Amino acid sequence: TMLGVITTDALVEADVWRKMVLIAVNRSFNQITVDGDTSTNDTVIALASGLSGSTSISSIECSEARQLQACLDAVMQALAKSVAWDGEGATCLIEVTVTGAESEVKAAKIARSVASSSLVKAAVYGRDPNWGRIAAAAGYAGIPFHQNNLRVMLGDILLMDNGQPLAFDRKAGETHGTVGIYISVGDGSGHGQAWGCDLSYDYVKINAEYTT
Amino acid sequence: VASSMDETANYIPAAPIFIPEGPWNQIPGGVTAAKGFKAAGIYGGLRAQGNKPDLALVTCDVDAAAAGAFTTNMVAAAPVLYCKNALDISKTARAVLINAGQANAATGDAGYQDVLECADALAKVLNLKQEEVLIESTGVIGHRIKKEALLNALPELVNSLTSSLEGAGSAAVAITTTDLVSKSVAIESQVGDMSVRVGGMAKGSGMIHPNMA
């Protein structure tokens, strides 16, 4: 289960605030995954006191709303990434960035498909730059794209370009902290990110030993 | 029963925070960084084992615009059903009560009654309407919450409320379950010509694939 509580002193009308919160949740918490299990309790509650004395925000279109939305996205993404970083048994955070899709939603769906793949997660745990698993997870996301447009980078190492696998230096060194997977699926403007963690023996141990 | 708050931050370290680049500065704290908010986290005797804090409260001094996003899992926990109803009734809220240890999920009508009683008890202590109190629970699915222990800890919890960094830190620890780190962040930025703060806390380590709406 993930729980979140967000607070701000910005002055914003409740109806606008509810729209902004949902947009931020879709760009953050709804883009993380550890084990593919959606909990019965996942909840984010967000409260705005209005005590900063800022201009009252009564439309999601105004510049103040865009500024507050950016702050809300940033805080929720920071918290969401720390949840993924702390995934049970995790040794690193996986950040998947997808560009070139037709829309933000489609890019986000591909990114989350890759971050959710047990085979990609296990490959990251084994420090195996397995571009095939990344390509396959992008391919089964349910978003159409031409496989010859597929480009896959692991960190700053190009593994696949125009759908063709490339030679790479396996000894490019251990990646600690965050493993960045960058995927391009075409020349659309859609950009999306998802975060997950590697799949280790400890995940099974933690959850197999645990009993209700 | 309840532990003092300055010990709570020692239970688990804080997570490294990766904030995206943008026109903001990270500032210390979490849910209490923004004006008007207080928080507390204490040990109320709800966890199955150990004495890590397990009860958190976040309050606002004024009626706060309230929003929520909830799991779309068809088997929704009692606090999820309760909050959705409360937010339908009221556009504002004043308090969020969070317990760790039992999820109050798959607990049927008895579990829903438990969440109503906890909300009502806190509303009375804070002199609020019940629907101004929102509730989050996390922990073992299928077990009802240890309601007596929770109700008995409310006075100590309310007395521990503070707008300090410790308040935010202790609340962030108290909501954790299998987490190895607590998760808390705050930023300051310009909205229009005014400086605004946005802060938050989160928990989560297992059973993580949120699909909230």
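Things to note:
- Verdict on B:Gly142 being part of a loop (DSSP other than H, G, I, E, B), at pLDDT below 95 and either within 12 Å of chain A (Cβ to nearest Cβ) or farther than 21 Å from B:Ala168 by Cβ (or both): yes
- In the set A:Ser49, A:Ser28, A:Ser82, A:Ser54, only one residue is at the interface with chain B (Cβ under 7 Å from one of its Cβ atoms), within 21 Å of B:Ser182 (Cα to Cα) and free of Cβ contacts under 8 Å to residues at least 60 places away in the same chain; that residue is A:Ser82.
- Against the numbered list (1) in contact with a Pro (Cβ under 9 Å, 6 or more places away or on another chain); (2) closer than 30 Å to A:Asn207 by Cβ, A:Val75 comes up short only at (1).
- Members of segment B:81-105 that are hydrophobic (A, V, I, L, M, F, W, C) and at the interface with another protein chain (Cβ under 7 Å from one of its Cβ atoms): B:Cys83, B:Ala93, B:Val96, B:Ile98, B:Ala103, B:Ala105
- Just one of the listed residues (B:Ala48, B:Ala69, B:Ala78) is out of contact with any helix residue (DSSP H, G or I) (no Cβ under 6 Å at 6 or more places or on another chain) and within 13 Å of chain A (Cβ to nearest Cβ), namely B:Ala48.
- Residues located in segment A:32-46, provided they are more than 18 Å from B:Lys35 (Cα to Cα) and either more than 7 Å from every other protein chain (Cβ to nearest Cβ) or in contact with a helix residue (DSSP H, G or I) (Cβ under 8 Å, 6 or more places away or on another chain) (or both): A:Ile32, A:Thr33, A:Val34, A:Asp35, A:Gly36, A:Thr40, A:Asn41, A:Asp42, A:Thr43, A:Val44
- Put simply, of B:Ala56, B:Ala48, B:Ala69, B:Ala95 the only residue that is touching a Gly at 6+ places or on another chain (Cβ under 7 Å) and crowded, with 20+ Cβ neighbours inside 10 Å is B:Ala56.
- Looking only at segment B:22-39, residues that are assigned to a loop (DSSP other than H, G, I, E, B), of a type outside the set (Lys, Arg) and at pLDDT 95 or above come to 10 in all.
- Residues in segment A:111-144 that are in a loop (DSSP other than H, G, I, E, B) and aliphatic (A, V, I, L, M): A:Ala141, A:Ile143.
- Residues that are in a helix (DSSP H, G or I) and touching a strand residue (DSSP E or B) at 6+ places or on another chain (Cβ under 8 Å), drawn from segment B:48-104: B:Ala78, B:Pro79, B:Val80, B:Tyr82, B:Cys83, B:Lys84, B:Ala86, B:Leu87
- The set of residues in segment A:9-25 being more than 16 Å from the chain's Cα centre (by Cα), more than 7 Å from chain B (Cβ to nearest Cβ) and among the small types (Gly, Ala, Ser) is empty.
- Looking only at segment B:170-213, and only at residues there that are touching a helix residue (DSSP H, G or I) at 6+ places or on another chain (Cβ under 9 Å), part of a strand (DSSP E or B) and among the hydroxyl-bearing types (Ser, Thr, Tyr), the one that is surrounded by the most Cβ atoms within 10 Å (Cβ to Cβ): B:Ser184
The values are calculated or read from the model by the stated rules, or taken from the named source; none is laboratory data. These numbers come from a predicted model, not from an experiment. Methodologically, a virtual Cβ is constructed for each residue, glycine included, from the backbone with ideal geometry; neighbour enumeration extends over all protein chains shown.
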